[in-house]
1. Kindly indicate the residue of segment 64-78 that is of a type in the set (Gly, Ala, Ser) and part of a loop (DSSP other than H, G, I, E, B) and also surrounded by the fewest Cβ atoms within 10 Å (Cβ to Cβ) among those meeting that condition.
2. Within segment 91-106, can one find any residue that is outside any helix (DSSP H, G or I), at negative phi and surrounded by 15 or more Cβ atoms within 10 Å (Cβ to Cβ)?
3. Evaluate the following for Leu61: is it within 21 Å of Phe125 (Cα to Cα), buried (at least 17 other Cβ atoms within 10 Å of the Cβ) and modelled with pLDDT of 85 or more?
4. Of the residues in segment 49-63, how many are in contact (Cβ under 8 Å) with a residue 12 or more places away in the chain and either assigned to a helix (DSSP H, G or I) or farther than 13 Å from Cys22 by Cβ (or both)?
5. Just checking, how many residues over segment 26-46 are without any contact (Cβ under 8 Å) to a residue 24 or more places away in the chain and either assigned to a loop (DSSP other than H, G, I, E, B) or of a type in the set (S, T, N, Q) (or both)?
Amino acid sequence: MQHPKQSKKQIALRYIFIVCGCIAVILGTIGVVVPGLPTTPFVLLASWCFYKSSPRLQAWLLQSFLGKYIRDYKEKGGLTMRKRLYIIALMATMVSVSIIFFIPNRTVDIIVGVAGLIGCIVVGFVVPKAKGEKK
């Protein structure tokens, strides 16, 4: 239901957040069973998108089986060094395998490689460290 004081821009943004959140939930769910596809970042993204757009969807996500990833992140205040290294190693491995075996186009190789590098840097330096770990 639309709030009477919402502009068309706010309504459009709300739907964009809902769609992005749903896509993130799907990717996070796939990540539970597919090695190399991380679950936690997608679930956290979905939670943030739903926080911005739909309290009902956010409550649903927190009550779903994916909610444990959000609660774990909130409880620890971030990612442990072990989980951080695991995610980086997994991303680097999957990006390398994709570039070497599955992507025949050199331009796409470069784009995927740069995206993987950015992802590793973000996980290593931007995502908060768990409480109690050295900065």
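The values are calculated or read from the model by the stated rules, or taken from the named source; none is laboratory data. For clarity, every value in this text was computed on a predicted model and none was experimentally measured. Note that each Cβ is placed from the backbone with ideal geometry, even for glycine, and that neighbours are counted across all protein chains shown.
1. Gly77
2. Yes: one or more hits.
3. Against the criterion (within 21 Å of Phe125 (Cα to Cα), buried (at least 17 other Cβ atoms within 10 Å of the Cβ) and modelled with pLDDT of 85 or more), Leu61 does not qualify.
4. 7
5. Qualifying residue count for the region: 1.
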